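Here the structure is laid out as structure tokens; the discussion comes afterwards.
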Amino acid sequence: MAKNVRKKPKKQKKPLNPKAKKALTALLALAFTALVSLVIVCTYLIIYMVSYVNGEAKIDIADYKENQAQTTIVYAYNSNDEAVELTRLHGEQNRVWTSIDEIPANLQNAYIALEDKRFEKHDGVDWIRTVKAVITFGKAGGGSTLTQQLIKNLTGENGKTVSRKFYEILNALNLEKNASKATILEAYMNTVYMSHGCYGVKTTAEKYFGKDLSELNIAECASIAAITQNPSTNDPLLHPEANRKRQLTCLRNMLKEGYISQEEYDEAVAYEMVFTNSENYVKKDSSDDSSNASNAAATEIQSYYVDYVIQSVINDLVSQCGYTKSQASKLIYNGGLRIYSAVDTGIQAQLEDVYVNKVTMPAYNKNVPDAQSAMTIMDYNGRILGMVGGIGEKTENRGLNRATTPRQPGSSIKPISIYSPAIEEKYVTWSTKVQNYGVAHYYPDGGTGPVNYGNDPGSPDSYVTVQHALCVSYNTVPAQLLKQMGVELSYKYATEKFKLTYLNESDKNMSSLAVGGASKGVTTVQMAAAFAAFGNGGKYYEPYCYYKVTNANGTKIYLQHQESEGEQILSPDTADVMNKLLQTVVTDAAHMATGRNYGISGFETFAKTGTTSDDKDRWFVGGTPYYVAAVWYGCDMPKQLSAYVSGSPSGKIFDEVMTRIHKGLTAKPFDTHSNLLMSATYCTQSGFLASESCTSTATGWYTKSNLPGHCTSCAAASSVQEPVQEGETVTTPASQTPETPAASDDNSSDTPPATASPDNLPPAE
């Protein structure tokens, strides 16, 4: 009989007390709320991420490109009228933006192989590398793609925060939605920092190899890519071993990825690297147009001409575009401007050969080792063709430029302030006789002055022609003419017409205007521009050193030289007469003309010498039918030169440089700009047009509207010779004698040296 088994009763659960039930309910509600919130947040985040990634572009590469600090390039035009690179200007960032088409494929592939081998396949983020980097805490290498690195380069954000990395990823994904791989790669290769202030691959190639991008081989491309990971450590100039190690890694990756063949790999590995600091590195000749000034950018000492261009552009940006000086300077060094200079590279090279390299420097004197000089050469329409502001090697940029530093002009001012206004206003002609004697109350004590060279005061009974006085540089005659014209008229011509802007109210006096003892002085640029009027028919052209200034791609023009007809400051006939007068400064050997040794062989030459009152400055200003030039010679700390220097050092420099730049040019006369110009025979005794009875005659040049009368003072003057038109033969008696004994050389000195010996004569400079 079955035994009855009693089942154990189930333990009954105690019902939750009300408080516990309430807590559990709250907890479940909180968990549910949190879950819902998380879902909402995640949904929102996903929507936000999708919207962010697929929305409008958050990074505008074109805008960043426009605002990136970029290197300015200064160009010059070659003989084929092609713009060739002259030099580079930059601040802390040396960058020249280069299109992807100009970047060699080998260099592009080197970066991809070394930094982001799946660049062409990913959408901005390489998730495989990113996960590896997270799991290994970066020990497996960085997870950033080239696109992500570009984001860092453009934004400057490189912090190690979750939010920064989050937005870096989003921006990278967004950028790839809105820009092509080529655009991204171009931007990256133009913004990556490569040490030594170089940003981007173009300036990097120039810095490390002295080459243009197009000239790089595979080994060099790999070496450049190798710098990127750690520019300070992998710098090939400072750490070639470290660069080599990373370069080999790059080459192996390029081989593995199929970018190069085994043969190319072997050749690249075996290639002996030649960096710009290597002993066997040969710098390109910057005068070679094909070089594109490849290694000229960073630290090269620029020419005085470039210094002048920079300062001129700054000044014009301020005056014409409303920039402050600080803004203008920043734009030049960081704005990626393209400045098209007006320099003639051939003329500039000859100038620098004579001045900087001291090749055949004619003015060197061991007794004046601190002697300096400056020279500016222009054409007759205001274009500055060449400029040098010192003798010897130039050691700094934008330092003292003596070509633009005012110095007292001495007698070189006389054609500007005295002779041209006197002829223009019809006070005198070529042959007018003027008293060779000083004016009363010239000196503070009331004494008569000025005096001529050798302390010669002249005589109340001595009269010389204008031509004679000009060619031997008398001081007395300009003073007499200034007395007749008045100081105001002379000053107006010098400052308003000829634009000698450093003259001021204190220069309205005999000393400044008659003999060039100005308070500040003039510059070689000003003097060349002023004297150009004597060769171009009386026009003043504002000197210019550049044609235009644009942004990097040429879409915006900041400044542009406007061609002009010039300002007519003298009548063409006065200008032509002055041209003829100034030619006698180099041709009138009978009168011992001050510039007689410095005419350019085979070419008509006009000129004026100048020596200051204390013989601390020597000038030679003149021109040929091709060029006009001004030369200054002296010391930065002024000293009397006559004790050390004979002749005219400035004239010697003029002759040397101008002779060089005229080689190969066809000889031609100066153009005649006026149909009123005419030649005529005059009596040297009276200065009037000669009669048959005049026994001492010469030929002068006049304007039909300002002819002297006929000589009636010579014995038995019965008839007169009619003026001879230009081009006709003028018959002059065989016996011609100068009006006065031959004069010594130029000296504007109010108080010349007490002793005058052949060794310390200024011109026959």
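Numbers at a glance
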| quantity | calculated |
| --- | --- |
| Condition broken by A172, with the remaining ones in (1) within 30 Å of T71 (Cβ to Cβ); (2) in contact (Cβ under 8 Å) with a residue 60 or more places away in the chain; (3) among the aliphatic types (A, V, I, L, M) satisfied | (2) |
| Filtered residue count, region 63-86, keeping only those that are closer than 27 Å to Y188 by Cβ and touching a helix residue (DSSP H, G or I) at 6+ places or on another chain (Cβ under 9 Å) | 8 |
| Exclusive hit being among the hydrophobic types (A, V, I, L, M, F, W, C), out of contact with any Ser or Thr (no Cβ under 6 Å at 6 or more places or on another chain) and either outside the structural domain of F654 (by TED's automatic domain parsing) or not in a helix (DSSP H, G or I) (or both), set L489, L500 | L500 |
| Every residue from region 431-467 that is of a type in the set (F, W, Y) and touching a Ser or Thr at 6+ places or on another chain (Cβ under 7 Å) | Y437, Y442, Y453 |
| Options A31, A20; residue that is at pLDDT below 75, among the aliphatic types (A, V, I, L, M), farther than 30 Å from V125 by Cβ and assigned to a helix (DSSP H, G or I) | A20 |
| Among residues of region 227-247, those that are touching a residue at least 60 places away in the same chain (Cβ under 8 Å) and within 17 Å of K202 (Cβ to Cβ), counted | 1 |
| Subset of region 699-716 (residues that are within 47 Å of the chain's Cα centre (by Cα) and part of a strand (DSSP E or B)) | T699, G700, W701, Y702, T703, N706 |
| Qualifying residue in region 563-572 (condition: more than 27 Å from S312 (Cα to Cα) and not in a loop (DSSP other than H, G, I, E, B)) | yes |
| Only listed residue being in contact with a helix residue (DSSP H, G or I) (Cβ under 6 Å, 6 or more places away or on another chain) and either closer than 23 Å to Y419 by Cβ or at pLDDT below 95 (or both), chosen from V628, V657 | V628 |
| Residues being without any contact (Cβ under 8 Å) to a residue 40 or more places away in the chain and either under 19 Å from V192 (Cβ atoms) or not in a loop (DSSP other than H, G, I, E, B) (or both) - total across region 67-80 | 1 |
| Within region 229-288, tally of residues that are assigned to a helix (DSSP H, G or I) and of a type in the set (A, V, I, L, M) | 8 |
| Residue that is farthest from I413 (Cα to Cα) [pool: residues in region 584-595 that are part of a helix (DSSP H, G or I) and touching a residue at least 60 places away in the same chain (Cβ under 8 Å)] | T584 |
| C221 vs. criteria in contact with a Pro (Cβ under 9 Å, 6 or more places away or on another chain) and either in a helix (DSSP H, G or I) or within 18 Å of E115 (Cα to Cα) (or both) | yes |
| Residue ID - surrounded by the fewest Cβ atoms within 10 Å (Cβ to Cβ), chosen from residues in region 626-648 that are touching an Asp or Glu at 6+ places or on another chain (Cβ under 6 Å) and assigned to a loop (DSSP other than H, G, I, E, B) | Q640 |
| Of all residues in region 356-391 being in a loop (DSSP other than H, G, I, E, B) and hydrophobic (A, V, I, L, M, F, W, C), the one that is farthest from E563 (Cα to Cα) | V368 |
| Residues being more than 13 Å from A219 (Cβ to Cβ) and touching a helix residue (DSSP H, G or I) at 6+ places or on another chain (Cβ under 6 Å) - total across region 256-275 | 2 |
| Number of positions in region 506-560 that are in a strand (DSSP E or B) and basic (K, R) | 2 |
| Matching residues in region 425-450 - criterion: being of a type in the set (F, W, Y) and in a strand (DSSP E or B) | Y437 |
| Check on L175, modelled with pLDDT under 90 and under 21 Å from I100 (Cβ atoms) | yes |
| Verdict on V96 being under 21 Å from G210 (Cβ atoms), touching a residue at least 12 places away in the same chain (Cβ under 8 Å), aliphatic (A, V, I, L, M) and part of a loop (DSSP other than H, G, I, E, B) | yes |
| T611 vs. criteria polar (S, T, N, Q), in contact (Cβ under 8 Å) with a residue 12 or more places away in the chain and touching an Asp or Glu at 6+ places or on another chain (Cβ under 8 Å) | yes |
| Residues of region 380-405 satisfying the condition of being touching a strand residue (DSSP E or B) at 6+ places or on another chain (Cβ under 6 Å) and either in the same structural domain as K492 (by TED's automatic domain parsing) or among the charged types (D, E, K, R) (or both) | R402 |
| Filter result (loosely packed, with under 14 Cβ neighbours inside 10 Å and either closer than 16 Å to G346 by Cα or small (G, A, S) (or both)) within region 66-89 | N78, S79, N80, D81, E82 |
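Okay, residues lined up against (1) at pLDDT below 80; (2) closer than 21 Å to E257 by Cα; (3) among the hydrophobic types (A, V, I, L, M, F, W, C):
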residue	(1), (2), (3)
I112	no, yes, yes
K117	no, yes, no
I135	yes, no, yes
Q148	no, no, no
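Every residue, every condition in (1) outside the structural domain of I112 (by TED's automatic domain parsing); (2) at pLDDT 95 or above; (3) surrounded by 22 or more Cβ atoms within 10 Å (Cβ to Cβ), yes or no:
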| site | (1), (2), (3) |
| --- | --- |
| K207 | no, no, yes |
| G210 | no, no, no |
| N217 | no, yes, no |
| E220 | no, yes, yes |
| A225 | no, yes, yes |
| C250 | no, yes, yes |
| N253 | no, yes, no |
| G258 | no, yes, no |
| E267 | no, yes, no |
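The values are calculated or read from the model by the stated rules, or taken from the named source; none is laboratory data. Since the structure is predicted, the reported quantities are computational estimates derived from the model, not experimental observations. Using ideal geometry, Cβ is built from the backbone for each residue, glycine included, and neighbour counts are taken over all protein chains shown.
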